[in-house]
Amino acid sequence: MALLLYGYAVLVLGAMALIILRSLMKTRRYPPGPPGIPVLGNLHKFNQEYREKYIEDISKTYGDVMFFYNPTMSVLVLSSYRAMQDLLGNRGSIYSDRPRSSIIDMMGNGNLGTEAFGPSWKLQRKLFHHHMNKGALPQYFPIVEQESRRCLRRLHRSPENWMDELRLNTVRVILGVTYDIWDFESPDDERVTAASRFITHVTSALTPGLLWMNIFPILRHIPPWVPWLGNETRLVSAWGEEDRTTMTKPFNYVKMQKNAGTAKRSFVLSLLEEDAADERTMTWLAASMYGGGAETTLGLLHAFVLAMVLHPDVQRKAQHEIERVVGSGRLPGIQDRGSLPYVENLIREVIRWWSLASFTLGHRVMEDDEYKGYFIPKETIVLPCLWCISRDEEMYPEPETFRPERFDEVGPDGQLPLDPLKFSFGMGRRICPGQDFAEMVLFSNIAVFLATTTVSKPLDAEGNQITPTTVPINPMQRNPTPFKCRVEVRPAAAFLADDNQTK
Ligand code: HEM
């Protein structure tokens, strides 16, 4: 009976909200979007498997600013760099909040990525920046370089596990820097696999319309034991509990070490020593590094290997540059970054071509606004489509082609193409605070990989080359679909054993 009443209330409230919205829409000029259906609006159309491709497609009809709505929410999708810059970059004071998500509330956890725009978020950004800004990065060079070499040593020993070895590497670096935790050697360790689930939970909770509860928040009150209808409440509670356990354990470990006087330098130890915030805030700030930093970097490292398997000419050219600049007496290190322009362009192209985050996280508009003559109501969720920008044919001719050379070529407008590092990590006040760290880890791993390893397509039983797919493993978390490759060890691998080399 109670359920019937809920259902009835949802329908009546939804219909009323839509009638009010429609009458307002007649008087105000809203941005264009695909036609909707009575009561439900058009937001369901955005809920496609590969929504970035859908957005790219319809932007040819509706332009770079598109509006979607349903009775409970409105979403503004931006498909150009200019629109992203105008709103997120130049109007950051009202475009930097996050949507209120009943799913995040229900999970009962915090983290920097979901925190509302306000004093607590500002404090966390400040603390994050203090430890992760460009100037602070050299303290991590030895750890990151040592782990890059360690990863390649293991990878050469068991090339069939190359994907898992890279996963282990990214989690070891993040857990090492954040908590000084190193006591794990296996890619199957729970601490390695949990990072990937954490980010899936957060992204799913923040994606408009992905779960019914995000469209009808009232559904969170359905008890988990109710068959079928309680599925989402059950799922979301389980996510919350798992993430809480994953993130509290390592934080408590550092606290224990500190109390015992045995803690070594780490992000969490600094927070504790500075008494930087309350314990809950510090736990989830550290979780933001763990959750935000591991799976993302991994996705791009896997995409790098995929690009090298598909483009042996690019791989060779990058290897020649390393040999020319670094010589044959040592491995490349992070300090070489400025002197390897082709490798740097290769990394830019991996970031553009793979476009790991196809959208930013949602940005909630804090006040009514107007853009290009269109009304943008307060509470609208703004979603720049990063994938669409990376596919802009004017900036990147033949965008599906992997070609690092494109970044040195002047276009018909006399300009070099837009640097993907300027949008792939977001923009404005919510820009990814781990960008400099991520670039450093990517460079270290990719440069050592190229110097010591050649990858190529594997052969089937008849001796034919097998070409891996470029379709991501899942549309929500765009890491490459697992694939096999041939791994050949290069002579410079002899230096991998030398963990004491400084460069
Ligand atoms: C390696 C590739 C990475 C990519 C492509 C990436 C991309 C992004 C994007 C697109 C956003 C959303 C920006 C927005 O909403 O406007 C973001 C936010 C965030 N990223 Fe990253 N990221 C990466 C690595 C990292 C690393 C290494 C860390 C941590 C060490 C990190 C921590 C975060 C956090 C905490 C946020 C939320 C910031 C906020 O809401 O204020 N990310 N990232």
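What follows is calculated from the coordinates using simple rules that are stated; it is not laboratory data. Keep in mind it's a predicted model, so treat the numbers as computed, not measured. With ideal geometry, Cβ positions are generated from the backbone for all residues, glycine too; neighbour counts draw on all protein chains shown.
Seen from M282, the other residues with C-beta closer than 10 Å to its C-beta sum to a net charge of -2, counting Lys and Arg as +1 and Asp and Glu as -1. In the chain, which whole DSSP H runs stretch at least 30 Å along their own axis (Cα) and average 1.0 or higher on the Kyte-Doolittle scale? What comes out of the filter, once short or polar helices are dropped, is 2-27.
Each of C385, C485 was scored by other Cβ atoms within 10 Å of its Cβ. Listed from fewest to most, they are C485, C385. Residues of the chain were split at every exposed loop site, defined as chymotrypsin sites (Phe, Trp or Tyr not before Pro) in a DSSP loop with at most 10 other C-beta atoms within 10 angstrom, and the longest piece left, sites excluded, is 229-503. So if R0 is 25 Å, what FRET efficiency would D57 and W212 give, r being the distance between their Cβ atoms, rounded to the nearest 0.05? For D57 and W212, the calculated efficiency is 0.45. Mean residue ellipticity at 222 nm, helices only, the chain: -15500 deg cm²/dmol; runs of at least 4 DSSP H residues each add -39,500 (n - 2.57), and the sum is divided by the number of residues. In plain terms, the chain from K126 to E160 could stretch by 8.1 nm, reckoned as 0.36 nm per residue minus the Cα-Cα distance. Within the stretch 230-329, the ratio Rg/Rh, alpha carbon atoms throughout and Rh by Kirkwood, equals 1.21. For the pair the stretch 95-111 / the stretch 26-78, the C-alpha centres are spaced 23 Å from each other.
Computing FRET efficiency as 1/(1 + (r/R0)^6) for D105 and Q48, where r is the C-beta to C-beta distance and R0 is 30 Å, gives about 0.70.
Only beta bridges with both residues in the chain are counted; by DSSP, about 80 percent of them are antiparallel.
Using a Förster radius of 45 Å, what is the FRET efficiency between Q465 and E370 based on their Cβ-Cβ separation? Nearest 0.05, please. It comes to 0.25. May I ask for the net charge around R125, where only other residues with Cβ less than 10 Å from the Cβ of R125 are counted and Lys, Arg are +1 while Asp, Glu are -1? Cβ neighbours under 10 Å give a net charge of +3. Loop-located GluC sites (Glu not before Pro) in the stretch 45-86 (DSSP state other than H, G, I, E, B) with a sparse environment of at most 11 neighbouring Cβ atoms within 10 Å: E49.
A simple spin-label model places pseudo-atoms 7 Å from Cα toward Cβ; at M256 and V325 they are separated by 4.4 nm.
Scanning residues 5 or more positions from I376 or on other chains, those with amide H under 5 Å from its amide H are D369, E370, Y371, with H placed 1.01 Å from N in the peptide plane.
When the GluC sites (Glu not before Pro) in the stretch 398-499 are filtered for DSSP coil states and for at most 14 other beta-carbon atoms within 10 Å of their beta-carbon, the remaining sites are E400, E409, E462.
Please report, to two decimal places, log10 I(q)/I(0) for the stretch 178-299 at q = 0.09, 0.18, 0.19 Å⁻¹ as given by the Debye formula with identical point scatterers on the Cα atoms and no solvent. Log10 I(q)/I(0), no solvent term: -0.33, -0.99, -1.05. Put in line by how crowded their Cβ is, counting other Cβ atoms within 10 Å and starting with the fewest, H201, H129 read H129, H201. In terms of surrounding Cβ atoms within a 10 Å radius of their Cβ, I334, I37 rank from fewest to most as I37, I334. If a cysteine in the chain has no other Cys Cβ under 4.7 Å from its own Cβ, put it on the list, ordered by number. Unpaired cysteines in the chain: C151, C432, C485.
Gain on full extension, evaluated as 0.36 nm per residue between S456 and E394 minus their Cα-Cα distance, stands at 19.2 nm.
The distance from the alpha carbon centre of the stretch 379-455 to that of the stretch 139-192 is 25 Å, rounded to a whole number. Its Kirkwood hydrodynamic radius, worked out from the mean inverse distance over all distinct Cα pairs, puts the stretch 52-93 at 11.2 Å. Here the scattering of the stretch 421-465 is modelled by Debye summation over its C-alpha atoms, one equal scatterer each and no solvent; at q = 0.20, 0.21, 0.22 Å⁻¹ the log10 of I(q)/I(0) is -0.74, -0.76, -0.79. Spin-label pair R29-S237: with each label point 7 Å from Cα along the Cα-Cβ axis, the two points sit 5.0 nm from one another.
Only loop residues by DSSP count here, and only those with at most 14 other Cβ atoms within 10 Å; note down the trypsin sites (Lys or Arg not before Pro) in the stretch 239-281 that meet that. Filter output for the stretch 239-281: K264, R265.
Computed over the chain, the Cα gyration tensor eigenvalues convert (square root of 5λ each) into semi-axes of 39, 28, 22 Å, ordered from largest to smallest.
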